[in-house]
Every structure is written in structure tokens, then in C-alpha cells.
1. Which is the longest part of the chain that has none of the trypsin sites (Lys or Arg not before Pro) sitting in a DSSP loop with at most 14 other Cβ atoms within 10 Å?
2. Over the chain, what percent of the accessible surface lies on carbon and sulfur atoms, probe 1.4 Å?
3. In nm², what is the average projected area of the convex hull enclosing the Cα atoms of the range 90-156?
4. Count neighbours as other Cβ atoms within 10 Å of each site's Cβ, and list the chymotrypsin sites (Phe, Trp or Tyr not before Pro) in the range 139-241 that are DSSP loop with at most 13 such neighbours.
5. Over the Cα atoms of the range 123-241, how large are the radius of gyration and the largest Cα-Cα distance (Dmax), in Å?
6. Return the Cα extents of the chain along principal axes one, two and three, sorted largest first, each rounded to a whole Å.
7. Evaluated at 4 °C with a viscosity of 1.567 mPa s, what Stokes-Einstein diffusion coefficient in µm²/s does the range 1-118 have when Rh comes from the Kirkwood expression over alpha-carbon pairs?
8. Please turn the phi angles of the range 52-63 into ³J(HN,Hα) values with the Karplus equation 6.51 cos²θ - 1.76 cosθ + 1.60 (θ = phi - 60°), one per residue in order, whole Hz, x for glycine and proline.
Amino acid sequence: MTAALEVRGVGKRFGALTVLDDVSFEVAEGEALGVVGPNGAGKTTLLDIVAGAQRRDHGRVLLCGVEVTGMPTARRCRLGLARTFQVPRPLGDLTVYETALLAAVRGGGRRGKSAERAAIDALGRAGLLDEGDRRSSGLRLLSRKRLELARALAAGPRVLLLDEIAGGLTDAETGALIGTVRELSAGGVAIVWVEHVIRALTQVATRLVCLADGHVLASGEPAAVLEDPAVRRAYFGRGVL
Ligand SMILES: Nc1ncnc2c1ncn2[C@@H]1O[C@H](COP(=O)(O)OP(=O)(O)OP(=O)(O)O)[C@@H](O)[C@H]1O
Ligand SMILES: [Mg+2]
């Protein structure tokens with residue numbers, strides 16, 4: 001079966017710094033892949049390249065078998081690829097509801113009532129229904145992170161890229177977030193979740209990839225990856241695992 005997302009041999013340098021070197025992985029429809037790795041490992045850069053926010057130096061990205069390498073972000077989004085940003089980006093003066101609605105229209109290609117329904121559904125899933133009328137620029141960090149998720153969901157993704165959405169949540173909030181992500185994957189969405197909160201990630205991810213210094217250090221069943229001596233060395237002294 002064709003993978004929902006296929007990353008083949010992606011490489012990226014910033015000047016003399018090789019941030020990603022020959023990174024490959026696949027995610028099937030309905031699969032949740034967790035991506036871990038120490039700070040600066042290249043995780044966000046990898047999501048940027050998959051989403052089209054940064055150019056890769058080499059390698060390919062395929063979405064449901066369609067080559068999207070070199071395609072602008074907006075086109076990838078229309079093909080079903082949505083992402084959240086590690087650092088939330090509220091949209092100017094828009095309210096929370098307007099932000100989700102815009103995502104449903106621009107990213108999801110919906111109109112009228114269908115767009116409104118998608119926006120409200122996304123706000124509900126992200127736990128933001130009560131804050132629909134608030135200005136997005138005035139939200140606190142947690143709500144801004146939720147809005148990132150709502151914005152991505154409103155586009156109706158087939159592949160969803162999540163960048164550190166669990167940091168700073170209470171146990172109850174983490175539980176709700178896990179429920180939402182599980183529901184999405186049960187509904188067939190392929191998920192790539194970059195996360196330092198391992199206890200949240202392992203409740204959802206059926207497979208982990210560990211990135212370190214731009215390489216895939218280990219990948220496979222979560223417990224095996226987390227116990228891998230090379231993975232533990234990569235994290236050693238950084239207090240994450
Ligand atoms: N635009 C850029 N120009 C130059 N260097 C960059 C740029 N973006 C990222 N880097 C560098 O690339 C490396 C990887 O950064 P990246 O943000 O992808 O890491 P990360 O794994 O997401 O880290 P974290 O866990 O802290 O979010 C870092 O050394 C970072 O300083
Ligand atoms: Mg990052």
C-alpha cells in the first residue's frame with residue numbers, strides 16, 4: 001500500500017552545519033509516528049521541509065504517492081498536509097474562530113457552511129470552543145498552542161505534523177490531547193509527532209524515530225528505541241529520558 005507520507009534521503013545544510021543528512025522514513029494512513037531527539041537534532045527543520053516551509057538540499061517528499069518536493073506549502077496543504085508550529089504564530093487581529101475558519105477555507109478548500117462546520121469541529125477537538133470570540137494575538141501560550149492544533153485540523157489533513165504540542169500541559173490536558181490525537185489516527189490521519197514529553201508520545205505513537213545530529217539514530221517499536229544505548233547516549237545529561 002502507498003504510504004501516506006514518504007520521506008526519502010532528505011538532507012539540509014545551513015552553511016557549514018549539516019542539520020539533516022539522508023533522513024528517510026514512511027508513515028502509513030492511520031499510523032502515529034513519534035519523533036524524538038535532543039535539542040538541535042533537526043526535528044523542526046525536518047517538519048519544515050516536509051511541509052514546504054524550507055527547501056531541502058537533497059531528497060524527496062511524497063504525499064500519498066504524489067511527489068510534493070518543491071511544491072509550495074499552500075499546495076501541499078490542499079493535498080492534505082497540515083502542521084503545527086513549535087512557536088505559535090497567531091494571525092494578526094483575527095479571533096480564534098476566524099483563524100480556524102480561514103484555515104478551513106484556505107487550507108481545506110471549503111466554503112460556506114462546510115467551512116464553518118470544519119472550523120467549529122476543529123475548535124472543539126482542540127478544546128477551544130469557549131474561546132472562539134477571543135483575539136488570537138491576546139491568547140496565553142497554552143491556548144495559542146491549542147489554536148495551532150485547531151488551525152491544522154480545520155484544514156482537514158490526511159497527514160498531520162505536530163511540533164511539541166504537549167509541553168506545559170496539566171495531566172488532564174495531556175489526557176485530552178492524547179484522546180484527540182488517537183481519534184485522528186483512528187480516523188485514518190497519518191501523524192508525525194515531534195515531542196519531548198515522552199510519556200504523552202508513547203501513549204499514541206506505535207513507532208518512534210530518534211533523530212540525533214541529523215541522522216536517524218534508531219527507529220522501531222517505542223520501548224526498544226527508548227532503551228537503545230545509542231539513543232540514551234544522545235540524550236545523556238540532557239534530562240529528557
Ligand atoms: N534558519 C536557520 N539557520 C541556521 N541554522 C539553523 C536554522 N534553523 C535551524 N538551525 C540550526 O539547525 C539545528 C537544528 O535545529 P532544529 O530547530 O531543527 O532542531 P530541533 O530538533 O527542532 O530542536 P528543539 O528540540 O530544540 O526544538 C540547530 O543547530 C539550529 O540552530
Ligand atoms: Mg524543534
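1. On the way: sites that count: 55, 111, 140, 238.
Formally, the longest exposed-site-free interval is 141-237.
2. Working: 5600 of 11220 Å².
Ligands and nucleic acids excluded, carbon and sulfur reach 50 percent.
3. Details: hull surface 14.5 nm².
Taking a quarter of the hull surface, the average projection is 3.6 nm².
4. Values: sites: 193, 235, 236; in loops: 236.
In loop regions of the range 139-241 (DSSP not H, G, I, E or B), the sparsely surrounded chymotrypsin sites (Phe, Trp or Tyr not before Pro) are 236.
5. When restricted to the Cα atoms of the range 123-241, Rg and Dmax are 15.6, 49 Å.
6. 50, 39, 37
7. On the way: Rh = 15.7 Å.
Stokes-Einstein gives a translational diffusion coefficient of 82 µm²/s.
8. My calculation for the range 52-63 gives x, 7, 9, 7, 8, 7, 8, x, 9, 10, 10, 10 Hz in order.
The values are calculated or read from the model by the stated rules, or taken from the named source; none is laboratory data. Source: prediction; values computed, not measured. Here Cβ is always computed from backbone atoms with ideal geometry, including for glycine, and neighbour counts include all displayed protein chains. For accessibility, only protein heavy atoms count, side chains too; no ligands or nucleic acids. Shrake-Rupley method; radii C 1.70, N 1.55, O 1.52, S 1.80 Å.
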